[in-house]
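Here is the structure we will look at.
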Amino acid sequence: MLGWIYMILAILLEVAGTTCMKFSEGFTKVWPSIFIFVFYALCFSILTLALKTIEISLAYAIWSGLGTVLIVSIGILWFQESVNIVKILSIVLILIGVIGLHISHEPVSEEEGILSSVATSVDQLETTQPSKTQDILPPVSDPALIMPESVEYPESEKVPIIKVLSKNHAED
């Protein structure tokens, strides 16, 4: 339940920050310009707290979707922005998408948290990352990709790569 309270607060702070963008008139008004950063900093901090118990895909969809719907509504009602059937249908589709994502996710209790089905902390998570590059890269079989032992210059002798690199480096 606390995660959802954080989510609602994050949405409201994001809407406040975006509204301040309009009031700042391109950063020409000082206080609205300052409040943009204050509201967004608080918004992302609180959204991070919501992510402790809400899956990121669901949280971001709700945060951005409902934030968009609220901003469009504020634009229409407060700033007298245009409204037409396409805009209304688009808002309805956003709401349907957010509701669909909410219905489709598997709930995780707040006591358990998101990591509980796998581990109780990040330290207990198993990694599947290979320890060496050789473990993930296939062996090189293309002769064009294999580093030569020496370089042959026209009208010159074969010079080992190490000497060439040393010469060029000395000139720098």
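Dipole size of the range 1-93 about its Cα centre, with +1 on Lys/Arg Cβ and -1 on Asp/Glu Cβ: approximately 60 debye, rounded to the nearest 20. With neighbours defined as other Cβ atoms within 10 Å of a residue's Cβ, the residues Met21, Met1, Met7 order from fewest to most as Met1, Met21, Met7.
Extension gain for Val83 to Phe37 (0.36 nm times residue separation, less C-alpha to C-alpha distance): 13.7 nm.
In loop segments of the range 1-70 as defined by DSSP, the GluC sites (Glu not before Pro) with at most 16 further C-beta atoms inside 10 Å of their C-beta are Glu25, Glu55.
Give the order of Phe35, Phe44 when sorted by the count of other beta carbons within 10 angstrom, beginning with the fewest.
Taking fewest neighbouring Cβ atoms as first place, the list is Phe44, Phe35.
Peptide packing for 45-53, 91-99 was compared via the average number of neighbouring C-beta atoms within 10 Å per residue; ordered from the highest value, the list is 45-53, 91-99.
Where a number appears in this text, it was derived from the coordinates with a stated rule and is not lab data. All values derive from a computational prediction rather than experimental measurement. Every residue, glycine as well, gets a Cβ built from its backbone with ideal geometry; the counts of neighbours run over all protein chains shown.
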